[in-house]
Amino acid sequence: MNLNTWLIYLLAAIGLSLSPGPNSLLALTHGALHGRRKTLYTIAGGALGFIVVIALSMFGIGALLKASLVWLTVLKWLGGAYLVWLGVQVWRSPPIAVELGAGVAARRGRSLFSQGALSALTNPKAILFFAAFLPQFIDPARSLLMQFVVMAATFAGVEVGTEWLIASMAHRISPWLQRVGRRFNQACGALFVAIGLALPLRG
């Protein structure tokens, strides 16, 4: 993966991490309820779940590429259309928020880790997103394994950093999202639409 492609991938990964989703809501909720240190278990579980989803998506795509490189072009255009659709959905989605209750029971780290991992692994939107997203960046002339390492490490790093920030500022972020969250979602949605329109046209 060359530097320009990686920078575009990084920007898209940041957009995905910041957009509303089960794992960002989980980090926000657990940060507010259990504190940022304990929420690291949730974040680590989510990162592992996303790495598994990326692996399943990439190596499934790799099997198609071995059959025919025409599939890469097909996947790029289908993926671009899906990203545009996803951008519209994010644009229209309500702001995320968390309602805090009194007397929250303490949770073990293992339980938080499992919840974060399952949230990523069982989210069909994440599987569809990566199936649409990753073909835009795969270079069939390069090692698929090395591309997986770069993409998975980049996304996991972005996801951990973003969710840690959300968990650390949960009490401040939640009221802010209630005020300006819809405009924030519109900005993330516009980013996905732009990526979906532009990436299939790249050589």
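Spacing of the modelled spin labels on Val149 and Asn4, each 7 Å from Cα toward Cβ, amounts to 2.5 nm. Between Leu128 and Met169, the FRET efficiency from the beta-carbon distance, with R0 = 25 Å, is close to 0.25.
In plain terms, the chain from Ala187 to Ser111 could stretch by 24.0 nm, reckoned as 0.36 nm per residue minus the Cα-Cα distance. Stretched out straight at 0.36 nm per residue, the stretch from Leu78 to Arg92 would grow longer than its current Cα-Cα span by 2.9 nm. Does segment 126-174 come out rounded, prolate or oblate, given a ≥ b ≥ c as the square roots of the eigenvalues of its C-alpha gyration tensor, rounded meaning a/c under 1.5 and, failing that, prolate meaning a/b above b/c? In terms of gyration-tensor shape, prolate.
We did not get these values from a lab; they are worked out from the coordinates using the rules stated. Everything numeric in this text was worked out from a predicted model, so none of it was measured. In this analysis, Cβ positions are derived from the backbone assuming ideal geometry, glycine residues included, and neighbour counts consider all displayed protein chains.
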